[in-house]
Amino acid sequence: MKKPLKFRLPKGQCWTIGVPYFWLLLFFALPFAIVLKISFSTPIIAIPPYEPLFQYAEESLNIMLNLGNYLLILDDSLYYNAYLGSLKMATISTLGCLLIGYPMAYAIARAPKSSQTLLVLLVMLPSWTSFLIRVYAWMGILSNNGVINNVLMWTGLISEPLQILNTNTAVYIGIIYTYLPFMILPLYATLSQLDMSLIEAASDLGSRSLNTFWKVTLPLSKGGVIAGSMLVFIPVVGEFVIPELLGGPDSLMIGKVLWQEFFNNRDWPVASALAIVMLGLLIIPITLFHRYQAREMEKTA
Amino acid sequence: MKKLSFSTIMLWAGMFFLYAPMFILVFYSFNESKLVTVWGGFSVKWYGELFRDQQILDAVGTSLQVAFYASTMAVILGTMAAFVMTRFARGWGKLTLSNMITAPLVMPEVITGLSLLLLFVHMADFLGWPAERGMLTVWIAHSTFCAAYVAVVVSSRLREIDRSVEEAAQDLGATPLKTFFQITVPMISPAIVAGWLLSFSLSLDDLVIASFASGPGATTLPMVVFSSVRMGVSPKINALATLIILMVSLIAFISWYFARRADAKQRSSSA
């Protein structure tokens, strides 16, 4: 049912909608418009380091759209490889989180009701503890004279330290470690609402447990799988800190490149264009996530 | 004996994976040796060093202030948005609001940070405000992204509570504002407390957005840690990490306690 737009809201409702709405327009929507605008301007050495897009002179408004930044992104294989690297990193990390997180979420959902909250808290607790500190912990563990190499050398499995830190392997470990809780939470949310009688029915009808899993449990938890995957995939594409600390020179990710363009090269227009293209790549996953969330809200409403 | 299933084994292996690095960090914070990974005997000297480091202490002060104000603002914005999302009739206003408020949950941090910085630069150009970036701009940035988390936590609570109590209050003549503060807020207070604490720890933890939004005057703790970690591993950071882990665990257990108490209350009232 469609309702006509209510123009005359009561005063209180006006404020309740107005305050957060105005705040988000100002500090969330407007900034994106500005990024889009700057991505079309020409970089110069000045403060701020770009040319104005609109110029009003001699009774004519000149709008100069400079497509150069986008052409540069298309042209330079550095950016192309960075995007590709980020997407690959995000895909593999998402799969890794899914493979580790799904059985964990399943085990929590099947645990006695009384201990479920505590188990969820235990999963979430690390993600509340400083993220930077946890990445830093892995630097100590993975380094050449770190815990892993010490143990392996002591047991005699290897004779000289393995180079793990500053490789892509270290970045994968760091990302899966950091984002695992974000995968488990939505999976647990759907798995705990699963109707167990369906699984019992399947096994009563003679389905073996693995078959039941593929044909009943997994399809029913599809929503959680999508939500969890998007919660991991989207932020990992823009990840900066983990590749910076754990990765090496060959672990090229777009978040790192954007950061360098902005802070080291001070090329604001190119950094903006990089952000816009990144957002373009993420449109589909972001829409998927929003759709899942909207459906969840309808369900509980 | 109960048969161990594959998923249970995975659960405990996963828990080990999640916790082992943090225990190693805490363990090595009591290491006498300057080399982080070589055990040189028990000592608390790095804690002493930590408390003599003025730069770190200043950053802790800045971070705590920003986190306090940001989580307070986030609770106000997030609760209002959650109220709109759960109580108001469907419309384009509600739809765009709920889309905008939840967007920061998934947006890559570099994009949020970059866009906010460019906004502040533009505002300084056109309005002359903010004259320079500092605590105020970090506060705005943190309030915005923490509001998203508060909105999710509070709106799920708002959906669960019994609306007939609110309706009864209004039937008895309470104004909507009075109903909200005297009936609704007490009922959702555990979610508000949990949202505030969550925002507080998110703000304390944030590096990327703070790096974009802050100026020379406001260096937050993660920024100091990041620049010192980049230089190499330092035992002082182990001591700092241990203190952070301790504090966050405490906050987490307090918010868990509030949530559990609220659950128990709800269960006993609905029974």
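Quick look at the values:
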| item | result |
| --- | --- |
| Unmet criterion (only one of (1) touching a Phe, Trp or Tyr at 6+ places or on another chain (Cβ under 8 Å); (2) of a type in the set (K, R); (3) more than 8 Å from chain B (Cβ to nearest Cβ)) for A:R134 | (3) |
| Residue list for region B:50-70, filter: within 30 Å of B:S98 (Cβ to Cβ) and away from chain A (no Cβ under 13 Å) | B:V66, B:F68, B:Y69 |
| From B:A210, B:A194, residue being within 28 Å of A:W259 (Cβ to Cβ) and either within 19 Å of the chain's Cα centre (by Cα) or at the interface with chain A (Cβ under 9 Å from one of its Cβ atoms) (or both) | B:A210 |
| Matching helices (runs of 4 or more DSSP H) fully within region A:202-301 where at least 2 residues are more than 7 Å from every other protein chain (Cβ to nearest Cβ), among the basic types (K, R) and surrounded by fewer than 24 Cβ atoms within 10 Å (Cβ to Cβ) | A:268-300 |
| Residues of region A:250-283 that turn out to be touching a residue at least 24 places away in the same chain (Cβ under 8 Å) and within 20 Å of B:V229 (Cβ to Cβ), as a count | 4 |
| B:T102 being in contact with a Pro (Cβ under 7 Å, 6 or more places away or on another chain), touching a residue at least 12 places away in the same chain (Cβ under 8 Å) and polar (S, T, N, Q) | no |
| Flag if A:L157 is in a loop (DSSP other than H, G, I, E, B), away from chain B (no Cβ under 12 Å) and at pLDDT below 85 | yes |
| Residue check, A:F240 in contact with a Pro (Cβ under 9 Å, 6 or more places away or on another chain) and without any contact (Cβ under 8 Å) to a residue 24 or more places away in the chain | yes |
| B:V44 being more than 12 Å from chain A (Cβ to nearest Cβ), β-branched (V, I, T) and more than 14 Å from B:V150 (Cα to Cα) | yes |
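The values are calculated or read from the model by the stated rules, or taken from the named source; none is laboratory data. These numbers come from a predicted model, not from an experiment. Please note: Cβ atoms are built from the backbone with ideal geometry, for glycine as well, and neighbour counts cover all protein chains shown.
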